Amino acid sequence: TACSSKYVLSQVHPMWQGPLAVPGGDRQSPVDIVVRASVFDSELKPLVNNYDPDTCQQIWNNGYSFLVEYDDTTDKSTLKGGPLQDKFRLCQFHFHWGESNAWGSEHTVDRKLFPAELHLVHWNSDKYSLFEEAVMEDNGLAVIGVFLKVGKRHEGLQKLVDALPAIRHKDSVVEFNRFDPACLLPSNTDDYWTYHGSLTTPPLTESVTWIIMKQHIEVSHDQLAVFRSLLFTSAEEDVQKSMVNNFRVQQPLCGRTVRSSFS
Ligand SMILES: N/C(=N\S(N)(=O)=O)N1CCCC1
Ligand SMILES: [Zn+2]
């Protein structure tokens, strides 16, 4: 099976040229969270997010998603608690979404797909001094996943949506300041699932402690439509391609246990 081979060839993904061999390959992401198979762990603590809006630096289109990047040269925007033993620094957040509201998330809950998923990427600053180091280590990264549903307009998201037309093309970047990513978290961050997995885009390294929020956030149809107005392609390319369906196919659990912080 895909779990036993030393090198698993991840599915040929339309966004990346050709199959990608992944070292190990038995703790890949994303996965389907089977609620009835998740194990309640009373040792799991509440998350402690401490984000400083002043560390927000820029928003840019990297040709796969759009990223909001934070200054991670000091411990100003941090995550600790939850399943984590160390302190982690926020370096960026980004989203994955579909061409329609029927799909778009990377993780699923009992096979339920959401129209989009937010990822807040942090790296272990107690153990490493750079993201590039941490990304290679099995306790190097922590990513918070939040599901998006279509409903009422998200006021906090609108500032970000208004910046997107300026970064329509791949490699475009604009300055973006004073954005507090905590406004994108659901009201309840005590209830989450957690498991050990990987990055869902290259380098696909198996260095991520995933923390998936049970409670989703709501954004409006129009806000999501602006995500879909972004392009995978740079301004120079003659064929423009809409940035949609930028999610990875689900990966085998390979015997991993998904724990829950709630019963
Ligand atoms: N794939 C990633 N994050 S994700 N989708 O696994 O959260 N990243 C690639 C390099 C920096 C973050
Ligand atoms: Zn992601």
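Values in this text are rule-based calculations from the coordinates and carry no lab data. Computed from a predicted model, the values in this text were never measured in an experiment. Heads up, the Cβs are rebuilt from the backbone with ideal geometry, glycines too, and the neighbour counts pull from every protein chain shown.
Just subtract the alpha-carbon distance of residue 112 and residue 190 from 0.36 nm times their residue separation and send over the number in nm, one decimal.
Taking 0.36 nm per residue and subtracting the Cα distance, the gain is 26.0 nm.
Arrange the following residues from fewest to most other Cβ atoms within 10 Å of their Cβ: 27, 89, 168.
The fewest-first ordering by Cβ neighbours comes to 168, 27, 89.
Under a Cβ-only charge scheme (Lys and Arg +1, Asp and Glu -1), can you give me the dipole magnitude of the stretch 22-116 about the Cα centre, in debye to the nearest 20?
It comes to approximately 260 debye.
If N is the number of residues in the stretch 35-172, what value comes out of its Cα radius of gyration divided by 2.2 N^0.38 Å?
Taking the Cα Rg and dividing by 2.2 N^0.38 Å, one obtains 1.13.
Using Cα pairs under 8 angstrom and six or more residues apart, how large is the relative contact order of the stretch 57-138, in percent?
Result for the stretch 57-138 is 23 percent.
Two decimals is fine: what's Rg over Rh for the stretch 221-263, C-alpha atoms, Kirkwood radius as Rh?
1.25
Quantify how much of the Cα-Cα distance distribution of the stretch 137-263 extends past 17 Å, in percent.
69
What FRET efficiency do you get for residue 215 and residue 100 if R0 is 30 Å and r is their Cβ-Cβ distance, rounded to the nearest 0.05?
Efficiency, rounded to the nearest 0.05: 0.80.
How high is the FRET efficiency between residue 50 and residue 239 when r is their beta carbon distance and R₀ equals 51 Å, given to the nearest 0.05?
0.70
Taking a point 7 angstrom from the Cα of residue 39 along the C-beta vector, which residues in the stretch 185-214 have backbone N less than 13 Å away?
194-196
Whole angstrom only: what separates the Cα centroid of the stretch 242-261 from the Cα centroid of the stretch 201-234?
Using only Cα atoms, the two centres lie 12 Å from each other.
Which of 257, 233, 189 comes first, and how do the rest follow, when ranked by fewest Cβ neighbours within 10 Å?
Result, fewest neighbours first: 257, 233, 189.
Whole percent per 5 Å bin, from 0 to the bin with the longest distance: what is P(r) over all C-alpha pairs of the chain?
1, 6, 13, 17, 20, 19, 14, 7, 2, 0, 0, 0
Could you pull out which residues in the stretch 55-85 have an amide N less than 14 Å from a spot 7 Å beyond the Cα of residue 127, following the Cα-Cβ vector?
Under 14 Å, as judged by backbone N against the label point of residue 127, lie 83-85 of the stretch 55-85.
Note the count of lysine pairs whose C-alpha atoms are less than 13 angstrom apart in the chain, limited to pairs 8 or more residues apart or on different chains.
7
Quick one: compute the contact order of the chain, relative version, from alpha carbon pairs under 8 angstrom and 6+ residues apart, as a percent.
Averaging sequence separation for qualifying contacts and normalising by length gives 25 percent for the chain.
Treat the count of other C-beta atoms within 10 Å as a stand-in for reagent exposure and order 40, 95 from fewest to most.
The order, fewest Cβ neighbours first, is 40, 95.
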